[in-house]
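The values are calculated or read from the model by the stated rules, or taken from the named source; none is laboratory data. Model, not experiment: these values are computed from the prediction. A quick note on method: Cβ atoms are made from the backbone with ideal geometry, for glycine too, and the neighbour counts reach across all protein chains shown. Accessible surface areas use protein heavy atoms only, side chains included; no ligands, DNA or RNA. Shrake-Rupley method; radii C 1.70, N 1.55, O 1.52, S 1.80 Å.
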Amino acid sequence: MFRFPCRPSGFVAKDRLKLLLTSERLECSPQMMTMLQNDLIRAVNKYFAVHEQKVEIRYRKDTATVTASIPLQTDIKNSSPGMLFQR
Amino acid sequence: MSEIIVITSGKGGVGKTTVTANIGLGLAKLNKKVVVVDTDIGLRNLDVVLGLENRIVYNLIDVIEGSCRMKQALIRDKQCDNLFLLPSAQTKDKTAITPEQMVKLTEALSEEFDYILLDCPAGIEQGFKNAIAGASRAIVVTTPEVSAIRDADRIIGLLQANEMPQIQLVINRLRMDMIKRGEMMSVEDVSEILAVDLLGAIPDDEAVVIATNQGEPLCGKDSLSGKAFENICRRISGEDVPLMEFRTKKGVFKRISGIFKK
């Protein structure tokens with residue numbers, strides 16, 4: 001990212017604070033993460049058969065991101081698609 | 001009807017006590033009956049800022065424990081007959097009282113006074129919990145520094161979690177020369193970051209230091225900060241007073257600052 005060579009420190013302070021406070025304001029409990037994980041599994045399960053035991057959710061306060069890794073069933077026996085999506 | 005206001009900041013040394021003393025005096029000069037309560041048990045401060053340190057006989061703990069009557073502990077201010085101080089104890093610590101006792105105390109004071117101002121200790125521990133217990137309005141004091149603003153944000157979060165009905169911001173020690181150069185965050189920058197209602201802004205003024213040295217708060221006197229404090233008091237009492245001097249200067253500054261931003 002381009003920065004002005006000698007940027008006045010007032011702007012630097014404001015930018016630092018904005019970043020810091022947005023991440024600090026994100027309070028996140030383990031309970032909330034479990035609920036999110038269950039909701040995600042339910043949502044994805046509508047379209048793919050999810051390997052539920054291998055689902056991993058990571059929350060990073062510093063970058064303010066939630067990353068989810070949701071592996072799908074590869075075993076042909078368990079991979080009947082569209083289980084909940086049938087009409 | 002009386003109003004119970006807590007003055008807090010999180011970080012120490014941003015000017016809570018000075019702000020409390022000056023708002024107290026300012027409201028008293030507006031013909032309100034005001035009591036300022038020093039809730040910082042163990043570290044008494046408000047008495048010296050008001051210049052009343054030699055008149056203390058009883059304190060807040062004595063009142064709570066019932067060793068004296070409320071009237072005996074209240075000290076009348078030198079400058080203004082409507083202003084009273086309830087000093088804190090120096091021998092005990094913050095755990096000597098409970099939030100419930102503070103609620104009782106403020107309720108007793110509200111029968112007598114229009115405004116009860118609670119000078120909160122720094123930190124977020126017992127002393128903070130005691131001070132906010134009885135209050136229906138909070139004034140968060142900060143300076144335009146990274147550390148003070150971060151702590152103010154924490155305090156605002158805690159006040160919101162405790163369902164404080166009204167939270168307002170006072171930005172202290174602003175240096176217009178530095179803001180002009182872009183080397184200090186402006187009133188707008190700070191209030192944008194903290195996102196609470198702005199009650200007022202006070203310039204960094206040597207008159208405040210002199211006033212504290214002399215033990216005579218300067219609210220309403222002929223100085224930039226004295227005027228700023230007076231405006232804050234008028235806003236507290238419900239008047240609509242614009243943030244004049246800062247806004248005009250900022251208009252020019254904002255335009256210049258636009259050039260430096262990508």
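Observations, loosely collected:
- With each label modelled as a point 7 angstrom along the Cα→C-beta vector, the B:Asp81-B:Arg175 pair spans 4.3 nm.
- Label-point separation in nm, A:Thr74 to A:Ala43, each point 7 Å along Cα→Cβ: 2.6 nm
- Local net charge near B:Gly200, Cβ-Cβ under 11 Å (Lys/Arg +1, Asp/Glu -1): +1
- Applying a DSSP loop filter and a limit of 10 other Cβ atoms within 10 Å to the GluC sites (Glu not before Pro) in the range A:1-67 leaves A:Glu27.
- Inter-chain shielding of B:191-203 (mean C-beta neighbours from other protein chains, 10 Å cut-off): 1
- Ignoring the sites themselves, chain B has its longest run without GluC sites (Glu not before Pro) in a DSSP loop having at most 13 other Cβ atoms within 10 Å at B:1-110.
- Take the Cβ atoms of B:Asn213 and B:Glu107, set R0 to 30 Å, and the FRET efficiency comes out at 0.25.
- Average other protein chain Cβ within 10 Å of Cβ, residues A:8-19: 6
- Cα centroids of the range A:44-74 and the range B:69-146: 51 Å apart.
- Solvent exposure of the range B:43-164 amounts to 45 Å² per residue of accessible area, where only protein heavy atoms count and the probe is 1.4 Å.
- Accessible surface buried upon B-A contact (total; probe 1.4 Å; Å², nearest 100): 1700 Å²
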